[in-house]
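Participant: Okay, handing you the structure first.
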Amino acid sequence: MGKNFKALITSQKKDGSFENNVKEKLVDHLPNGELLVRVEYSSLNYKDALSAIGNKGVTRQYPHTPGIDAAGIIEESSSPNFSVGMPVIVTGYDLGMNTAGGFGEYIRVPEGWAIKRPNNLTAKESMIIGTAGLTAGLCVKALDEKSGISGMNAVVSGATGGVGCMAVKLLAHLGAKVTALTGKIDASSFLRNIGAHKIISRTEFLESVRGPIGKGVWDIAVDVAGGDLLSAILASMKYGGMVTCCGLVESPSFNGSVFPFILRGNSLIGIDSAEQPLQKKAEIWDHFSKVWKMNGLDKMCHTVNLDGIIPEINKILSGRQTGRVVLEL
Ligand SMILES: NC(=O)c1ccc[n+]([C@@H]2O[C@H](COP(=O)([O-])OP(=O)(O)OC[C@H]3O[C@@H](n4cnc5c(N)ncnc54)[C@H](OP(=O)(O)O)[C@@H]3O)[C@@H](O)[C@H]2O)c1
C-alpha cells in the first residue's frame, strides 16, 4: 500500500456545481516529477479561490487540489541538483492549476519549478510572501530599475489584498511614500501598520478622477484591479510616471486614452509571476531574504489548517480578505 496524505479536493458534483472537502489521497497518484516535496506551508491567492470554485480558465480537470504556492522539504529526488532534506519553494508554473497543488501535504513537481529556499527565510515567511509577494516584488523591481523607489510618491490598489499589502509593505520598506487605495476604509490601521502614508477610499478616488488625464499625483503605481481603477490611476500619474499592471479584480478591460503616454511620457508595464524564468524568481526570493528582508511579516497574515481554508476561499472571492492567509500543513 502506498503512502496516504491529506489534501483539499475540489470536485464537480452531478448537478455541475463544485464542492471542497479535505480527503485522503495517495502519494502514488501524484503526477510525475523529479521531486517529491513534503509541504510545510502554502498560502491562499486569488487564483486558488478561482480553481476551488471550478473556474475552467484556471483548472480544466477535476477532482483537483488547488494551491499555486508551496514551501517544504524534499522527501524524494531523482535530480542531482536537489537532495533529500533540502528546503524548497515552488510557486506558479502549473502548480495548483492542472497539477495537484500546495493545499495538500505532498506535491510532486519537475525540478525546473523548485528553488532552494534561501537560508535567511523560514518556510512560513516564504509563504506569507508567496505568489502575492513574488508578484509585488516583480512590480517593485520593474519600477526600481526604471526610476528608483526611495522618495517616490507611490500608489497601490487593492491595498489590503495579498499582492496589494505586500506591495505597500515593500515600497514603504524601500523608502517610498505610499498611498493605499482600498475598498476597506475600516482596515486603515492595518494599512498604516504596514507602512501606508495615506489611505484613500477607492470609490472616492474614482469619483475624483474625471477624464483621461487629470492632476499628476504619483510617480509609481502597482495596480491589481484593472478596469476603471487602472484607467483612473493612469490619468493621475506625474510626468514620466510608471504603472505596473498585474491583476484584474475589478475588470480585465479598461478604458483609456493615449494622453498619459504621449503628453506625460507615462509607461504601463505588464507583470506575470507564474511563468517567469526560474532564475528571475530566484532573484526575487534572494532579494526578500537580503536587501528586502522585512520585519513584521507575521503581523500581516493569519494562519489556518486545511479545514480552515474553505471559509477563507469564500472570503477572498468576495474581496473581504485583509492581508495574507497562510496554510499550515
Ligand atoms: N500577474 C500575476 O502574476 C499575478 C499574481 C498574483 C495575483 N495576480 C492577480 O492580482 C489580483 C490580486 O490578487 P490577490 O491574490 O492579491 O487577491 P486578493 O488578496 O483578493 O486582493 C484583491 C484586493 O483587491 C481589492 N478589490 C476587490 N474587489 C475589487 C474591485 N471590484 N475593484 C477594485 N479592487 C477590488 C480588495 O482590496 P481593497 O479592499 O483593499 O481594495 C481585495 O482585497 C488578482 O486579479 C490576481 O489574479 C496576478
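The values are calculated or read from the model by the stated rules, or taken from the named source; none is laboratory data. What you see is a predicted model, and the numbers here were worked out from it, not measured in a lab. Note: ideal-geometry Cβ built from the backbone for every residue, glycine included; neighbour counts use all protein chains shown.
Participant: In this structure, is S236 in contact with a Leu (Cβ under 6 Å, 6 or more places away or on another chain) and small (G, A, S)?
Facilitator: In short, no.
Participant: If you go through region 105-122 one residue at a time, do you hit one that is under 22 Å from W285 (Cα atoms), of a type in the set (A, V, I, L, M, F, W, C) and part of a helix (DSSP H, G or I)?
Facilitator: The answer is yes; a qualifying residue exists.
Participant: Same structure again: Is there a residue being surrounded by fewer than 24 Cβ atoms within 10 Å (Cβ to Cβ) and within 13 Å of the ligand (Cβ to nearest atom) anywhere in region 97-120?
Facilitator: yes
Participant: I need the full set of residues from region 83-111 which are among the aromatic types (F, W, Y) and under 14 Å from E328 (Cα atoms), in order please.
Facilitator: F103, Y106
This table checks each residue for (1) of a type in the set (S, T, N, Q); (2) in the same structural domain as E105 (by TED's automatic domain parsing); (3) in contact (Cβ under 8 Å) with a residue 12 or more places away in the chain.
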| position | (1), (2), (3) |
| --- | --- |
| L8 | no, yes, yes |
| K13 | no, yes, no |
| G16 | no, yes, no |
| N20 | yes, yes, yes |
| D28 | no, yes, yes |
| N32 | yes, yes, yes |
| L36 | no, yes, yes |
| V39 | no, yes, yes |
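Participant: Quick one: in region 311-329, which of the residues that are at pLDDT 95 or above and among the hydrophobic types (A, V, I, L, M, F, W, C) is nearest to E19 (Cα to Cα)?
Facilitator: Among those residues, the one meeting the criterion is I313.
Participant: For P277, all conditions in the list (1) more than 15 Å from the ligand (Cβ to nearest atom); (2) more than 24 Å from G195 (Cα to Cα) hold save one; what is the number of the exception?
Facilitator: It is condition (1) that P277 fails.
Participant: If you don't mind, there's one more thing I want to ask. Taking region 209-253 as the region of interest, how many residues are out of contact with any Lys or Arg (no Cβ under 9 Å at 6 or more places or on another chain) and under 15 Å from V178 (Cβ atoms)?
Facilitator: Here the count works out to 7.
Participant: Do we have any residue at all in region 197-207 that's within 13 Å of the ligand (Cβ to nearest atom), on the phi < 0 side of the Ramachandran plot, among the polar types (S, T, N, Q) and touching a strand residue (DSSP E or B) at 6+ places or on another chain (Cβ under 6 Å)?
Facilitator: Within region 197-207 (the criterion being within 13 Å of the ligand (Cβ to nearest atom), on the phi < 0 side of the Ramachandran plot, among the polar types (S, T, N, Q) and touching a strand residue (DSSP E or B) at 6+ places or on another chain (Cβ under 6 Å)), the answer is no, since none of the residues qualifies.
Participant: Then there is this: I need the helices (runs of 4 or more DSSP H) fully contained in region 256-318, keeping only those with at least 1 residues that are closer than 24 Å to G240 by Cβ and in contact with a strand residue (DSSP E or B) (Cβ under 7 Å, 6 or more places away or on another chain).
Facilitator: Result: 259-262.
Participant: Additional query: Pairs, please: C-beta under 6 Å, at least 6 apart or cross-chain, first residue surrounded by 21 or more Cβ atoms within 10 Å (Cβ to Cβ) and in region 74-94, second aromatic (F, W, Y) and modelled with pLDDT of 95 or more?
Facilitator: Partner pairs satisfying both residue conditions: I74/F82; V90/W113.
Participant: While we're here: Being surrounded by fewer than 16 Cβ atoms within 10 Å (Cβ to Cβ) and within 16 Å of the ligand (Cβ to nearest atom) is true for just one of D272, D286, D223, D228. Which residue is that?
Facilitator: Answer to the selection: D272.
Participant: Does I73 meet the test of being assigned by TED's automatic domain parsing to the domain that holds E105, touching a strand residue (DSSP E or B) at 6+ places or on another chain (Cβ under 9 Å) and over 23 Å from G112 (Cβ atoms)?
Facilitator: no
Participant: Among V249, V258, which is among the β-branched types (V, I, T) and within 16 Å of the ligand (Cβ to nearest atom)?
Facilitator: V249
Participant: Does region 165-185 include one or more residues that are of a type outside the set (A, V, I, L, M, F, W, C), more than 16 Å from the ligand (Cβ to nearest atom) and without any contact (Cβ under 8 Å) to a residue 40 or more places away in the chain?
Facilitator: Looking through region 165-185, at least one residue is of a type outside the set (A, V, I, L, M, F, W, C), more than 16 Å from the ligand (Cβ to nearest atom) and without any contact (Cβ under 8 Å) to a residue 40 or more places away in the chain.
Participant: List the number of the failed condition for H64; all other conditions in (1) buried (at least 24 other Cβ atoms within 10 Å of the Cβ); (2) closer than 20 Å to W285 by Cα hold.
Facilitator: It fails just one condition, (2).
Participant: While we're looking at this one, here's another question. Yes or no: region 150-162 includes at least one residue that is surrounded by fewer than 21 Cβ atoms within 10 Å (Cβ to Cβ) and assigned to a loop (DSSP other than H, G, I, E, B).
Facilitator: Scanning region 150-162, I find at least one residue that is surrounded by fewer than 21 Cβ atoms within 10 Å (Cβ to Cβ) and assigned to a loop (DSSP other than H, G, I, E, B), so the answer is yes.
Participant: If you don't mind, there's one more thing I want to ask. Counting only residues that are within 16 Å of the ligand (Cβ to nearest atom) and more than 13 Å from F103 (Cβ to Cβ), how many does region 7-51 have?
Facilitator: 2
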